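Asker: Got a structure for you, questions after.
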Amino acid sequence: MSRRDEPTGPARDTTSTAVTTTTYADTSLGVLGRAPRDPGRVALVHEDRELTFGELAALGADVGEVVRRHRLERRVVGVPAERGPEFVARLLGLWGAGAVPAILGDWGRERVRGALAVTGAAAVFAPSSTSTADLEVLDTSRDGRAGDDVSHVLFTSGTTGRPKGIVVGRAAFEAACAAFFEELPMDESDRIAFLSRPGHDPSLRELIAPWVTGATLYVPGSRTAGDARLAADWLAAHSVTVLQGSPVLLQLMAGASPRPVQSLRLVCSVGARLTAAALRATARFAPRATIVNCYGASETPQVVCVHRVPPGQGVTGEDPIPIGRPLGHATLRIVPEPAQNGGVSDGAGLEGRLQVESSACALGYTGGAPLLTTDQDGRRWYDTGDVVRLLPDGDLCFLRRADRQVQVNGTRVELDEIEGAAALAPGVAGAVATFVEDGAGVGTVRLTVVRRPGAAVDGEEVRAVLRDRLDPAVMPSSIEVRDEARNDARNDSWDDEPGEDRADAWGDERSDGWDDEPGEDQAGKLWAVVEESARSVLGRSGIDPDGGFFEAGFTSMSLMRFVSEVSIRLGREISPVLVFRYPTLRAFADHLRETLDDDLT
């Protein structure tokens, strides 16, 4: 049984100091109460709407009223992650009332349902287009109260086709945020962009920054956030000084903008491996900025290592870019892998799996899956699954993953989750997901499914199942359906194959003999590759070849999947910024045809 509630009661004086002090000093997050803010000062700018600390406090208090009315203290409450002031107010209101926000992405219904189920959520907010405090109560009959030490729940990829909740502790989150802002100080003169994906751990740093540092948070509209050209112009127009973004987003804005953004003084690369290509592009885009390579995971639960690149030095960056050294709150260690370590057991050159001590980690996963392991000395550690090397200057350098977890342009996913979700489509006997990343760090997932004899399932049906169960950011750029007779997917020997050999087992699907095609056939083949890649990424046909990419429904990130897919099919590395120089399917294809024999990067 469920019901919806709207806040009631008299209107508030949003300039009252008592509102601000009560709402934030009593919040479960101590970092928000350390420096009380002037309630009349602007905390957040959303498009052309300014909200003061007092106004956000009043919105948060409305949320807190509803939480207390339904006795949801210490209960998990689902919160749709949205790019707007209502999302900020909901988090602050829940924390202030002692509830635990479970932050939900822009997902399909099945994935949302699964996330609420694994957390035992007692309620969920509706999209904020209705009302900031519009709450649906689910089930409060079960004894599902969280401990006093729980801050919030984030979600990551599992291996079962369902999201896996990460239960983040208050102490670890506060310590991580305090260490981050101590390492990278900000103040009331700063303007911080909210361009991270809402609900991802980098976005939480952006959202709390006004209360921790006094800076003003600038929030773009959804159209601006989804179009790198508009986002770059927006940064310059608002004189933004601090920016966080994935390496791919940073490259996209650099390629889309004809002019550098001179106001930027600090740019943090987050969410994925920073490549030299992305560093050089960012250094040209933000010539006055210190660029910081930030390393961490949702389990840590924020940044644990940083590597600074002073202004002007990034233009000469070479791979690999270090992830730097630990922040003050975190203890890290490298567990060597002797067989691959050349006999090095300590000091510079040491390679192994990076582990983080428990004090800087989340409390655990929903469902009881273990997050920490205990060593022989009784200390507990989180194994990141990342293989790193210790450099002579004391910095750490990321080398590779030790498993099948990948970062798709800033979003983490287990390839097993994609395969598991695909297997839920009727008529699918098995599935294999592979990940391809180019030299610029642009990654894409390709999926091959095998249908059972007599089944009629096609790529569109598989895509529909995936769309309801996966984060949109990790949707495969291509889905190929094969009959079971052609290959035995995931047979007994399949799991013994290394990841790269799995892809080879399906055969090389790049366009062999491209340069041997006659000119007329080559042009037709090229157009077919471009058109099919666009259809596969968007999940529909009928795309206007002369209409703009963004008008067709692409976002900056889906355009990256499109370019990556074309690159794979042609067997050539293509610069992602070309879609901004040639912004229609036809113009893009014509450019590729004219330059196919040249270096397209």
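The values are calculated or read from the model by the stated rules, or taken from the named source; none is laboratory data. Everything quoted here is computed from the prediction, not taken from an experiment. Glycine gets a Cβ as well: all are built from the backbone with ideal geometry, and neighbour counts include every protein chain shown. The protein model used for the area step is the full one, side chains on, heavy atoms only, and it has no ligands, DNA or RNA in it. Shrake-Rupley method; radii C 1.70, N 1.55, O 1.52, S 1.80 Å.
Asker: Given H placed on each backbone N at 1.01 Å, which residues far from residue 152 in sequence or on other chains put an amide H within less than 5 Å of it?
Answerer: 168
Asker: Something else now. Tell me the label-point distance for the pair residue 591, residue 532, using the 7 Å Cα-to-Cβ offset, in nm and rounded to one decimal.
Answerer: My value for the distance between the label points is 2.3 nm.
Asker: Please label the shape of the stretch 273-406 as rounded, prolate or oblate, based on the square roots a ≥ b ≥ c of the eigenvalues of the alpha-carbon gyration tensor (a/c under 1.5 means rounded; beyond that, a/b larger than b/c means prolate, else oblate).
Answerer: prolate
Asker: How far apart, in nm, are the 7 Å Cα→Cβ label points at residue 483 and residue 452?
Answerer: Placing both labels 7 Å beyond Cα along the Cβ direction yields 1.7 nm.
Asker: Next question. Expressed in nm to one decimal, what extension gain is obtained for the pair residue 239 and residue 400 from 0.36 nm per residue of sequence separation less their Cα-Cα distance?
Answerer: That pair, residue 239 and residue 400, stretches by 54.3 nm at full extension.
Asker: Provide the solvent-accessible area of residue 291, counting protein heavy atoms only and rolling a 1.4 Å probe, rounded to the nearest 10 Å².
Answerer: Rounded to the nearest 10, that gives 10 Å².
Asker: Once you have a ≥ b ≥ c as the square roots of the Cα gyration tensor eigenvalues for the stretch 47-135, tell me rounded if a/c is under 1.5, and otherwise prolate or oblate according to whether a/b is larger than b/c.
Answerer: Oblate is the answer for the stretch 47-135, as a/c is 1.5 or above yet b/c matches or exceeds a/b.
Asker: What is the stretch 369-447 by shape, rounded, prolate or oblate, if you read a ≥ b ≥ c off the alpha carbon gyration tensor as root eigenvalues and call it rounded for a/c under 1.5, prolate for a/b larger than b/c, and oblate otherwise?
Answerer: It comes out oblate by the Cα gyration axes.
Asker: Then there is this: For the stretch 232-325, give the magnitude of the charge dipole about the Cα centre (Cβ charges: +1 Lys/Arg, -1 Asp/Glu; no others), in debye to the nearest 20. The partial results should precede the final answer.
Answerer: Values: 8 positive and 4 negative charges, 52 e Å.
Rounded to the nearest 20 debye, it is 240 debye.
Asker: Sticking with this one: For a protection proxy built on the mean count of beta-carbon atoms within 10 angstrom, sort 81-94, 186-199 highest first, please.
Answerer: Final packing ranking: 81-94, 186-199.
Asker: For residue 171 and residue 145, compute 0.36 nm times the residue count separating them, minus their Cα-Cα distance, and round to one decimal in nm. Mind dumping the intermediate values first?
Answerer: On the way: separation 26, 0.36 × 26 = 9.36 nm, distance 1.82 nm.
Using 0.36 nm per residue and subtracting the Cα-Cα distance, I get 7.5 nm.
Asker: Using the Kirkwood radius over Cα pairs, work out the Stokes-Einstein diffusion coefficient for the stretch 266-308 at 10 °C and 1.306 mPa s, in µm²/s as a whole number.
Answerer: Details: Rh = 10.8 Å.
Diffusion coefficient, whole number: 147 µm²/s.
Asker: What's the magnitude of the charge dipole for the stretch 175-239 around its Cα centre, counting Lys and Arg as +1 and Asp and Glu as -1 at the beta-carbon? Answer in Debye, nearest 20.
Answerer: For the stretch 175-239, the charge dipole is close to 340 debye.
Asker: What is the Cα coordinate range of the stretch 95-232 on the first, second and third principal axes, sorted by size from largest, in whole angstrom?
Answerer: Principal-axis extents of the stretch 95-232 (Cα, largest first): 48, 35, 34 Å.
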